[in-house]
Amino acid sequence: MSALDDLFARCRGEDRAALIAYLPAGFPSYQVAVQAMTAMVEAGVDAVEVGMPYSDPLMEGPVISAAHQASLDAGTRQADVLRTVEAVAATGVPTLVMGYWNPVHRYGFARWAADLKKAGGVGAITPDLIPEEAPQWLEACREHDLDPVFLVAPSSSDERIAVVGRANRGFVYAAAVMGVTGARTEVGKGARTLVERVRAQTPLPVAVGLGVSNGAQAAEVAGFADAVVVGSALVRALADDGVDGVRRLSAELAQGVRTPDRS
Amino acid sequence: MSVPDASGHFGAYGGRFVPEALVAALDELAAAHEAARTDPVFRAELERLLTTYAGRPTPLTDARRLSEHTGGARILLKREDLAHTGSHKINNVLGQALLTKAMGKKRVIAETGAGQHGVATATACALFGFECTVYMGEEDTRRQALNVARMRLLGAEVVSVSSGTQTLKDATNEAMRDWVTNVDTTHYVIGSVVGPHPFPMMVRNFQRVIGVEARQQCLDLVGRLPDALVACVGGGSNAIGLFSPFLDDSGVALVGAEAGGDGVETGRHAAPLTAGEPGVLHGSRSYLMQDEDGQTLTTTSISAGLDYPGVGPEHSYLRDSGRASYTGITDADAMAALQVLARTEGILCAIESAHAFARAFSWIAEQDADPQDLVVIVNTSGRGDKDVDTAARWFGLVSAEEVARSELVRAREGEQP
Ligand SMILES: Cc1ncc(COP(=O)(O)O)c(C=O)c1O
């Protein structure tokens, strides 16, 4: 049983997609990041991904990379990431960590899984870890009842999608455009194809991340996916317009996922 | 037991710690490499290129005057500096260029530190008619300006990377980001035995020619195997290329020289095998310079080609098993060795290679045996033209006025698009 099952069941009942929102811990400061994440929840975000800042975030474009560096420069440590999870989980929404592998590896992943659980986290998205390298991590997740979330990409074969589907719990994360993170102007039809391919391999809900930056795009993705993931656009809103900017954009996106565009 | 296993693990090291988006390309590359290994046409073509284009075999030079400097040890130089483009990097690049062609890709990207791998890649791309983009840290574009010009002359686009440490690590990050975006059309020619499987194994296999030649040349010249092989270790490709055919020769010591920078004890260095902890960077698990939170540490070395916080996974495996040993060599010791080699043998080596010479001298001094009974092969991984500017400043061979003037010229060049 995943802590996210309730969320996806509720969204299905409401005939809408879930909105999963990402911000890195400690950007621009511990306090402001927590305020921004709280504002997202108040504005209708269904689940939060707390980014673990890392010196070499290979999958991130310029906006999120710069936020990771700024967070590290501000002195963010592992303990701050877990404190952030604790604060966000206290608002009542499922809270996951999005974390590159080396910081978790260094912390000791069994101990990290225990501490994430203690902080109230429900799972972890690992963008540079594939199931084949993760048997012990999967074991730690089972032991602490956490959802391991691996990604699929447009380049993934059906066989690999099936492997990821079997390893994951909670949902499958479809990084639906080849490339690094960053807001994009068009949704494109590759995302829809990828979601269909994932559905053919696994019964898990499918969350799509591809650079959604406004309500209309959120509605479009909500038309074919179970969840819409938004990252770069929120990071940019926080950098440019502060917590209020995050609140406004979150409200617009929350409206979008509630009006799925099935045309 | 031979490493790596089928999934690219050298014991606890190696593997594939990559975004899922790259797995298909890595599988394709591994399959192409596997097919090529037994394909007589591929092998003949690579052989032809190595011989008629790269100038192999490279000589094994008996360094008589240098020998006197070490109390009479017989020092044999494996002359990768004489290979086309001036370093061992061409061996790997020609192999990967042939694989690129076999996979039907027309665009190639690479990272480079000292610029030698970038130059080799730009060269092969010119030869094969591939589009070429090379990522290089901004600091490295300054200290290896000659190689930036060479790459551009060869038709490559050189992207100066200003993020993070502005050296090899961040150049590699940018190359990886390019690759996940353009993987359909693009092959990423990694320049050392690092990265996700199959790169560490594949690059080793392409560099193995160094050791295969050296082993036979040594037998022909001396009539026996050497007592030690000494090589510098950045990512570790020239070292593993030399070591690999000798792994089962237990009487041959495998000696690696890492960049000790200001001294390993100062923390300002680039010596992960000497002072790092296992971690994951750029796709594989290996020794890594990192802080308590797993953030990659900033490195320090006078040598752009060794200024990297990670190292190839096979070296981590050889370190733990004790089959090879690794030591940090300071900037000062490397530069002193560079001068000794230049003045005794008339060979101006790359600063990277100078680390190997400094380590060869200390290794010989550490042995109980009479130096006259020792035979040591030192991998002269590259030539030093690119480093003349750095060396001239180090030894004070140019006046302060000349330094100032050349800074001005560089600043102006930097302003141009
Ligand atoms: C001449 C030379 N030697 C050695 C190196 C280090 O690389 P590796 O350890 O892979 O041989 C470089 C890298 O730029 C180089 O240019």
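The values are calculated or read from the model by the stated rules, or taken from the named source; none is laboratory data. Remember, predicted model here, so these are calculated numbers, not experimental data. Note that each Cβ is placed from the backbone with ideal geometry, even for glycine, and that neighbours are counted across all protein chains shown. When the accessible area is computed, the model is the full protein with side chains, heavy atoms only, and any ligands, DNA or RNA have been set aside. Shrake-Rupley method; radii C 1.70, N 1.55, O 1.52, S 1.80 Å.
Principal axis lengths of region B:1-64 from Cα atoms, whole Å, largest first?
Rounded to whole Å, the extents work out to 48, 34, 24 Å.
Which shape class, rounded, prolate or oblate, goes with region B:308-394 when its Cα gyration tensor gives a ≥ b ≥ c as root eigenvalues, a/c under 1.5 marks rounded, and past that a/b bigger than b/c marks prolate?
Taking the square roots of the gyration eigenvalues as a ≥ b ≥ c, region B:308-394 is oblate.
Can you give me the Cα centroid spacing of region B:86-134 and region A:177-229 in angstrom?
When both Cα centres are located, 35 Å separates them.
For B:A253, enumerate residues with amide H under 5 Å from its amide H, sequence gap 5+ or separate chain, H modeled in the peptide plane.
It is B:A228, B:L229, by chain and number.
Measuring with a 1.4 Å probe in the full set of protein chains, what accessible area per residue, in whole Å², belongs to the protein assembly as shown?
That works out to 36 Å² for each residue.
Run the dipole for region A:3-258 about the Cα centre, Lys and Arg Cβ at +1, Asp and Glu Cβ at -1, nothing else charged, and hand back the magnitude in debye, nearest 20.
160 debye
According to the square roots a ≥ b ≥ c of the eigenvalues of the Cα gyration tensor, what is the shape class of region B:248-369, taking rounded for a/c under 1.5, prolate for a/b larger than b/c otherwise, and oblate for the remainder?
Verdict is oblate for region B:248-369.
Given labels modelled 7 Å from the Cα in the Cβ direction, how far is it in nm from B:D320 to B:D184?
4.0 nm
In whole Å, what three semi-axes, largest first, describe the equivalent ellipsoid of region A:3-258 built from its Cα gyration tensor (square root of 5 times each eigenvalue)?
Output for region A:3-258: semi-axes of 23, 22, 17 Å.
Suppose we compare each residue of region B:1-18 in its chain alone and in the full protein complex with a 1.4 Å probe; which ones drop by at least 50 Å² of accessible area?
B:F17
Roughly what % of DSSP beta bridges within the protein assembly as shown run antiparallel, to the nearest 5?
Antiparallel bridges: around 20 percent, rounded to the nearest 5.
Quickly estimate the mean residue ellipticity at 222 nm for the protein assembly as shown, helices only: each DSSP H run with n ≥ 4 gives -39500 (n - 2.57), and the total goes over all residues, rounded to 500.
-14500 deg cm²/dmol
How about region A:41-69: which of its residues lose at least 40 Å² of accessible area in the presence of all protein chains relative to their chain isolated, using a 1.4 Å probe?
A:S55, A:D56, A:L58, A:M59
Output the peptides A:208-218, B:390-400, A:9-19 sorted from most to least packed, where packing is the average of other Cβ atoms within 10 Å over each peptide's residues.
A:208-218, A:9-19, B:390-400
Roughly how big is the protein assembly as shown's charge dipole about its Cα centre, with Cβ charges of +1 (Lys, Arg) and -1 (Asp, Glu), in debye to the nearest 20?
1140 debye
Ignoring solvent entirely, what values of log10 I(q)/I(0) come out of the Debye formula for the protein assembly as shown at 0.05 Å⁻¹ when each Cα is a single scatterer?
-0.25
In terms of the ratio Rg/(2.2 N^0.38 Å) built on C-alpha atoms, what value belongs to region A:135-263?
1.11
Rounded to a whole number of µm²/s, how large is the Stokes-Einstein D of region B:109-247 at 25 °C and 0.890 mPa s, given Rh as the Kirkwood radius over C-alpha pairs?
153 µm²/s
Using a 10 Å cut-off on Cβ atoms, rank the peptides A:226-236, B:307-317, B:216-226 from the highest mean neighbour count down.
Ranking, from highest mean packing down: B:307-317, A:226-236, B:216-226.
Explain nothing, just compute: Karplus ³J(HN,Hα) = 6.51 cos²θ - 1.76 cosθ + 1.60, θ = phi - 60°, for every residue of region A:224-235 in order, whole Hz, x for Gly and Pro.
9, 10, 7, 8, 10, 9, 10, x, 3, 5, 6, 4
For a test of the definition: using alpha carbon positions, the gyration tensor, and the 1.5 limit on a/c, classify chain B as rounded, prolate or oblate.
Taking the square roots of the gyration eigenvalues as a ≥ b ≥ c, chain B is rounded.
What is the pair-distance distribution P(r) of region B:255-295, computed from all Cα-Cα distances in 10 Å bins starting at 0, with each bin given as a whole percent?
31, 51, 18, 0
I'd like to know which of B:N182, B:L168, B:G322 lies farthest towards the positive end of the charge dipole of chain B, counting +1 on Cβ of Lys and Arg and -1 on Cβ of Asp and Glu.
B:N182
Could you tell me which Cys residues in chain B have no other cysteine's Cβ under 4.7 Å from their own Cβ, answering none if every one has a partner?
So far as the 4.7 Å Cβ criterion goes, B:C218, B:C232, B:C349 stand without a partner in chain B.
Could you tell me, in Å, what Rg and Dmax come out for the Cα atoms of region B:23-136?
Gyration radius and largest Cα-Cα distance of region B:23-136: 17.1, 54 Å.
Starting from the amide H of B:V158, placed 1.01 Å from N in the peptide plane, find each other amide H under 5 Å away whose residue is 5 or more places distant or on another chain.
The list, which skips near neighbours in sequence, is B:V134.
Aspartates and glutamates within cross-link reach of A:K118: Cα-Cα under 16 Å, excluding same-chain residues under 8 positions apart?
Here the aspartates and glutamates satisfying the reach criterion relative to A:K118 are A:D80, A:E86, A:E143, A:D145, A:D147.
Amide H to amide H under 5 Å from B:Q290: which residues, 5+ apart in sequence or cross-chain, H placed 1.01 Å off N in plane?
Placed amide hydrogens put B:E277, B:L297 under 5 Å from B:Q290.
Going highest first, how would you order A:67-80, B:271-284, B:138-151 by mean Cβ packing within 10 Å?
Per-residue Cβ counts within 10 Å, averaged per peptide and sorted highest first, yield B:271-284, B:138-151, A:67-80.
How shielded is B:176-183 by partner chains, expressed as the average number of their Cβ atoms within 10 Å of its Cβ atoms?
5
Taking every eigenvalue of the Cα gyration tensor of region B:66-106, multiplying by 5 and rooting it, what semi-axes result, largest first, whole Å?
The equivalent ellipsoid of region B:66-106 has semi-axes of 38, 8, 5 Å.
Expressed as a whole percentage, what fraction of the accessible surface of region A:3-258 belongs to carbon and sulfur atoms when a 1.4 Å probe is rolled over the protein heavy atoms?
51 percent
Could you state the number of Å between the C-alpha centres of region B:164-178 and region B:221-259?
Each part's Cα centre sits 29 Å from the other's.
Counting partner chain Cβ atoms within 10 Å of every residue's Cβ in A:94-104, what's the average?
3
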